[in-house]
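Written below as structure tokens is the structure these notes are about.
The values are calculated or read from the model by the stated rules, or taken from the named source; none is laboratory data. Computed from a predicted structure; not experimentally measured. For neighbour counting, all protein chains shown are included, and Cβ atoms are generated from backbone atoms with ideal geometry for every residue, glycine included. SASA here: full protein model, heavy atoms, side chains in, ligands and nucleic acids out. Shrake-Rupley method; radii C 1.70, N 1.55, O 1.52, S 1.80 Å.
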Amino acid sequence: MAGEDCVRKRQSGSTTTFRTPENEETQRIPESERSFQNSSNGRVDVDHVITRKMQLIAEAEQLKPAFMKEVDSHFTEFVNSLVAKSALLDSSSSASFPSSCSEKELHKAKTLRAPPEHGKIFTARRSLLDELFEVSHIRTIYHMFIALLIVFILSTLLVDFIDEGRLVLGFDLLVFVFGKLPVVFCTWLCMFSAAVIVPYNLFVWWAQGYSSSSHRTIHSLFYGMLFTLFQTAGLGFGPTYIAISYTLPPASRFIVILEQVRLIMKAHSFVRENVPRVLSSVKDKSSTVPIPRISQYLYFLFAPTLIYRDSYPRNPSIRWGYVATKFAQVLGSLFYAYYIFVRLCIPQFPNSSQEAFNLRGLVLCIFNSILPGVLIFFLVFFAFLHCWLNAFAEMLRFADRMFYKDWWNSTSYANYYRTWNVVVHDWLYYYAYRDFLWFFGKKSKAAAMLSVFAISAAVHEYVLIICFGFFYPVLFSLFMCFGMVFNFILNDRRKGPIWNVIMWTSLFLGQGVIICLYSQEWYARQSCPAENRMFLDYLKPRSWSCHMKM
């Protein structure tokens with residue numbers, strides 16, 4: 001018996017001290033999972049699986065915002081630090097860069113747009129929408145706009161079929177607004193040829209004779225006057241005269257006038273960027289005069305930028321499929337705008353000139369015009385600032401595609417003006433705002449900002465005056481009145497989401513005002529032509545008095 005007891009003790013001891021890997025793994029499993037594995041007589045408890053899965057998903061969703069916020073903050077700090085060090089590197093006169101920067105230097109570099117002596121820095125980067133369209137959620141919004149275009153097309157075809165008893169596939173409106181294209185092409189060819197030959201040769205002659213001239217001031221004034229005369233008479237008056245004298249339709253006038261403004265701005269940038277280089281070389285008594293090659297200037301005239309550089313970041317190859325896609329999107333946007341006008345604008349405005357003016361009618365007109373106005377606003381941005389500029393950038397292998405920033409996230413009008421059209425904003429900042437401060441002193445920032453607003457508003461209004469054929473300063477008033485007020489009220493200190501809502505609300509109302517008032521004036525001038533064409537007839541709004549003559 002004692003032996004048997006001893007054997008039993010050894011067996012029980014061995015069973016308690018010896019652990020197989022299976023036993024250890026079983027002990028590691030939580031009690032809830034062991035109960036789950038043993039439940040239902042060894043069969044899988046489906047309800048428990050689903051509950052456990054939902055718990056894990058809920059925990060992951062709780063962790064995701066914190067994780068993404070942490071990753072975003074670290075990534076933002078890394079990129080800002082990299083950009084800051086790059087700015088300090090470009091602005092430093094020495095060839096070496098310190099291995100570490102102080103926080104004060106990094107903060108100072110972050111606030112700089114670019115080194116003052118170098119101006120805008122070009123770097124290889126993609127357009128923001130190209131990056132966003134890789135996200136399926138953003139791409140779905142793009143698909144929704146395509147679906148809306150299909151709805152417009154179906155609506156137009158069905159209404160025409162019901163009214164006419166057949167499908168009407170004519171595009172009379174497009175044919176009208178883009179009429180006289182041969183005149184447009186000849187005008188553009190003359191403008192472009194003059195912009196290639198005259199500014200470049202005037203600069204070369206001035207630069208070659210400046211160092212050896214005994215009267216450098218007179219020499220510079222002479223060539224400066226010739227260049228100013230060419231800008232105002234050659235590129236300024238000539239195309240405007242052709243657009244008016246040949247009575248070009250609205251879209252054809254837009255092509256001529258916008259190309260006129262673009263070439264004037266490019267010629268100014270070329271001279272503005274290269275004259276200081278010549279003056280610096282003469283001051284340093286250099287043996288060579290830095291004159292760009294004609295090929296560099298020609299590339300700049302086609303490049304989607306208004307800031308001249310001898311060279312730009314270039315991509316290694318051209319993606320012709322990408323180019324074809326962008327031009328197809330431009331064409332699609334053009335037809336989109338056509339159907340917006342046909343379905344939403346033309347049925348509303350022809351009879352408005354026959355109605356007496358009243359506040360209720362004006363309010364209804366503005367709010368009914370918000371939808372077409374906003375759609376046209378989006379189409380102009382997408383077709384020109386994204387598709388058109390990216391297509392030319394791809395063909396030229398131009399690598400810096402930051403033609404706009406995330407203006408839709410703006411909580412202030414100051415940020416919106418900086419991010420909506422980066423191409424034009426850079427020109428205004430470097431050649432209007434900063435040159436104004438250089439000439440009048442850095443204490444005149446408010447006056448400099450006001451001058452930039454005035455220049456921008458005047459050019460926008462000039463384009464509309466020539467293209468529509470009448471003076472009706474709606475856009476100028478919005479720019480100089482509401483635009484200036486909102487620029488100071490909705491400034492960069494406004495960061496909350498409510499300010500983004502306010503900005504979008506004001507943009508929507510502004511688009512409604514523009515579409516309503518300009519359309520009313522256009523149709524009023526068609527319904528009530530001037531009896532005696534005098535200069536005052538172009539200045540007096542016809543929509544205010546047209547109903548009295550009906």
* Among residues belonging to the stretch 440-470 that are modelled with pLDDT of 85 or more and among the polar types (S, T, N, Q), point out the one that is farthest from residue 523 (Cα to Cα). => 451
* To do: Could you grab the pairs with beta carbons closer than 9 Å, sequence gap of 6+ or different chains, first residue in the stretch 290-310 and under 15 Å from residue 272 (Cβ atoms), second one of a type in the set (Gly, Ala, Ser) and open to solvent by 10 Å² or more (accessible area, probe 1.4 Å)?
  => 290/280; 290/281
* Before we move on, is residue 76 of a type in the set (Ser, Thr, Tyr), surrounded by 10 or more Cβ atoms within 10 Å (Cβ to Cβ) and modelled with pLDDT of 55 or more? -> no
* Looking only at the stretch 498-515, decide whether some residue is within 22 Å of residue 370 (Cα to Cα), of a type in the set (S, T, N, Q), in a helix (DSSP H, G or I) and more than 20 Å from the chain's Cα centre (by Cα). => no
* Structure fact -> Scanning the stretch 399-445 for residues that are open to solvent by 60 Å² or more (accessible area, probe 1.4 Å) and outside any helix (DSSP H, G or I) gives 405, 406, 442, 443
* Contacts under 8 angstrom Cβ, first residue in the stretch 346-375 being under 11 Å from residue 508 (Cα atoms) and at pLDDT below 80, partner hydroxyl-bearing (Ser, Thr, Tyr) and loosely packed, with under 14 Cβ neighbours inside 10 Å, 6 or more apart -> none
* To do: Output yes when any residue across the stretch 267-281 is outside any helix (DSSP H, G or I) and over 23 Å from the mean Cα position of the chain (by Cα), and no when none is.
  => no
* Asked: For the stretch 407-417, how many residues are at pLDDT 90 or above and closer than 26 Å to residue 313 by Cα?
  -> 1
* To do: Would you confirm whether any residue within the stretch 465-473 is in contact (Cβ under 8 Å) with a residue 40 or more places away in the chain, buried (at least 19 other Cβ atoms within 10 Å of the Cβ) and assigned to a helix (DSSP H, G or I)?
  => yes
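Conditions (1) assigned to a loop (DSSP other than H, G, I, E, B); (2) open to solvent by 30 Å² or more (accessible area, probe 1.4 Å); (3) of a type in the set (S, T, N, Q), marked per residue:
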position	(1), (2), (3)
286	yes, yes, yes
305	yes, no, yes
321	no, yes, no
331	no, yes, no
334	no, yes, no
362	no, yes, no
* Structure fact -> Pairing a residue in the stretch 264-278 that is in contact (Cβ under 8 Å) with a residue 24 or more places away in the chain and within 14 Å of residue 223 (Cβ to Cβ) with any residue that is buried (at least 17 other Cβ atoms within 10 Å of the Cβ) and hydrophobic (A, V, I, L, M, F, W, C), where Cβ atoms lie under 7 Å and the two sit 6 or more apart in sequence or on different chains, gives 267/195; 270/300; 271/203; 271/227; 274/203; 278/207
